[in-house]
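Here the structure comes first, spelled out in structure tokens, and everything after it is commentary.
The values are calculated or read from the model by the stated rules, or taken from the named source; none is laboratory data. Just so we're clear, the structure is a prediction, and the values are computed from it rather than from any experiment. All Cβ positions, glycine included, derive from the backbone under ideal geometry; neighbour counts span all protein chains shown.
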Amino acid sequence: MKVLLAENAGFCFGVKLAVDEAIKTQNKYNKKIYTLGPLIHNSDVVNYLEENNIYAIDITDVDTLNEGDVILIRSHGVSKKVFDYLTDKGLIVINATCPFVTNIQKKVNKFSNEGYKIVILGDENHPEVIGINGWCNDSAIITKDGSFNEKLSGKVCVVSQTTEKEENWDKTINNLSINTYDDLKSFNTICAATEESQKSVYELSKKVDFMVVVGGKHSSNTTKLYEIAKKNCENTIHIENAKEISKDILKDKDIKTIGVTAGASTPDWIIKEVINIMEGF
Ligand code: F3S
């Protein structure tokens with residue numbers, strides 16, 4: 001049985017940056033460090049961070065922190081309001097927002113200040129989208145698949161959640177183009193890392209008999225990789241780590257090649273474990 005790894009699998013630049021920053025910050029302050037929400041959607045990495053005295057905390061628990069405590073903003077970023085709230089409380093705030101997300105926040109803030117209606121393609125419940133919306137006073141129209149309930153006009157600025165699918169972006173632009181505007185600014189802010197990993201899983205899943213997508217069950221980019229792979233390869237599974245694999249998953253199937261890919265929050269060590277197990281079958 002041949003196991004093939006997708007060209008772009010695992011930690012993206014922004015996630016790697018946030019994890020490295022957390023470890024660096026812990027070493028610098030040498031005390032308990034907090035992250036606002038789990039740093040990434042991967043329980044193995046969360047455990048690894050806890051072993052290094054780095055703990056996730058919810059916004060509702062920030063009140064229990066003391067002046068001088070250190071809190072790190074994860075790669076998804078936060079709204080301006082949350083940022084101000086943390087600094088006003090006297091916390092040491094380390095901003096590990098992915099620079100690509102910061103770029104979206106800046107655009108949204110700038111164009112909203114210039115009177116543009118902001119449109120975000122993305123999941124309204126995802127922290128990244130909630131954060132971005134917070135840079136235009138929570139006034140954005142959020143579309144999850146490019147469809148709109150209302151007709152837009154005037155000045156409009158549209159951006160995307162970094163992990164969106166290109167087909168949703170195309171649909172958003174097509175639907176917006178039906179109307180006429182004083183000005184329509186569109187910024188395809190889908191992250192290149194996302195696009196590359198989606199392209200490589202698309203290619204790989206066409207050639208293999210079985211696909212394994214590794215990543216957190218709550219990770220939006222891993223779920224999208226799974227959806228793309230599943231379209232090309234019926235035998236696609238989504239697992240969080242190597243412990244979820246048993247030989248049974250290959251039972252009664254004529255499998256000669258297995259493809260492996262992983263979401264942006266999956267560390268190398270988990271990908272290697274999965275590959276080793278699959279190669280052992
Ligand atoms: Fe940043 Fe792209 Fe990763 S936006 S967090 S590098 S998926």
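Which ones in segment 236-281 are of a type outside the set (A, V, I, L, M), part of a loop (DSSP other than H, G, I, E, B) and surrounded by fewer than 18 Cβ atoms within 10 Å (Cβ to Cβ)? Write out each step before concluding.
Step one: list which residues in segment 236-281 are of a type outside the set (A, V, I, L, M), which gives 236, 238, 240-241, 243-244, 246-248, 251-254, 256-257, 259, 261, 263, 265-269, 272-273, 276, 279-281.
Right, trim to part of a loop (DSSP other than H, G, I, E, B) and you get 240-241, 246, 251-254, 256, 263, 265-267, 281.
Those that are of a type outside the set (A, V, I, L, M), part of a loop (DSSP other than H, G, I, E, B) and surrounded by fewer than 18 Cβ atoms within 10 Å (Cβ to Cβ): SER246, LYS251, ASP252, LYS253, ASP254, LYS256, PHE281.
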| request: Give the residues of segment 3-15 that are in a helix (DSSP H, G or I) and small (Gly, Ala, Ser), sorted by residue number. | output: GLY14
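Got a sec? Which of THR60, THR87, THR102 is within 16 Å of the ligand (Cβ to nearest atom) and hydroxyl-bearing (Ser, Thr, Tyr)? Working first, answer last.
Working: THR60 fails: within 16 Å of the ligand (Cβ to nearest atom); THR87 fails: within 16 Å of the ligand (Cβ to nearest atom).
Going through THR60, THR87, THR102 in turn, the sole match is THR102.
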| query | What do you reckon, is ALA6 within 16 Å of the ligand (Cβ to nearest atom), modelled with pLDDT of 95 or more, in the same structural domain as SER220 (by TED's automatic domain parsing) and touching a helix residue (DSSP H, G or I) at 6+ places or on another chain (Cβ under 7 Å)? | reply | yes
| query | Within the set of pairs 6 or more residues apart or between chains, which connect a residue that is crowded, with 23+ Cβ neighbours inside 10 Å inside segment 150-167 to a residue that is among the hydroxyl-bearing types (Ser, Thr, Tyr) and not in a strand (DSSP E or B) with Cβ atoms less than 7 Å apart? | reply | CYS157/TYR116; VAL158/THR172; VAL159/THR189; SER160/THR189; THR162/THR189; THR162/THR194; THR163/THR194; THR163/SER220
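Output the residue which, of all residues in segment 47-87 that are of a type outside the set (A, V, I, L, M, F, W, C), under 20 Å from the mean Cα position of the chain (by Cα) and farther than 16 Å from ILE130 by Cα, is surrounded by the fewest Cβ atoms within 10 Å (Cβ to Cβ).
Kept after step one, since they are of a type outside the set (A, V, I, L, M, F, W, C), are these residues of segment 47-87: 47-48, 50-53, 55, 58, 60-61, 63-64, 66-69, 74-77, 79-81, 84-85, 87.
Next, from what is left, pick out any that are under 20 Å from the mean Cα position of the chain (by Cα): 47-48, 55, 58, 74-77, 79-80.
From the residues that got through so far, the ones that are farther than 16 Å from ILE130 by Cα too are 47-48, 55.
Working: ASN47: 10, TYR48: 15, TYR55: 14.
Filtering first and then ranking leaves ASN47.
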| query | Do we have ASP44 as of a type in the set (Asp, Glu), touching a residue at least 24 places away in the same chain (Cβ under 8 Å) and away from the ligand (no atom under 16 Å from the Cβ) here? | reply | yes
| Which residues, counting only those in segment 174-200, are under 25 Å from GLY77 (Cα atoms) and among the hydrophobic types (A, V, I, L, M, F, W, C)? | PHE187, ILE190, CYS191, ALA192, ALA193
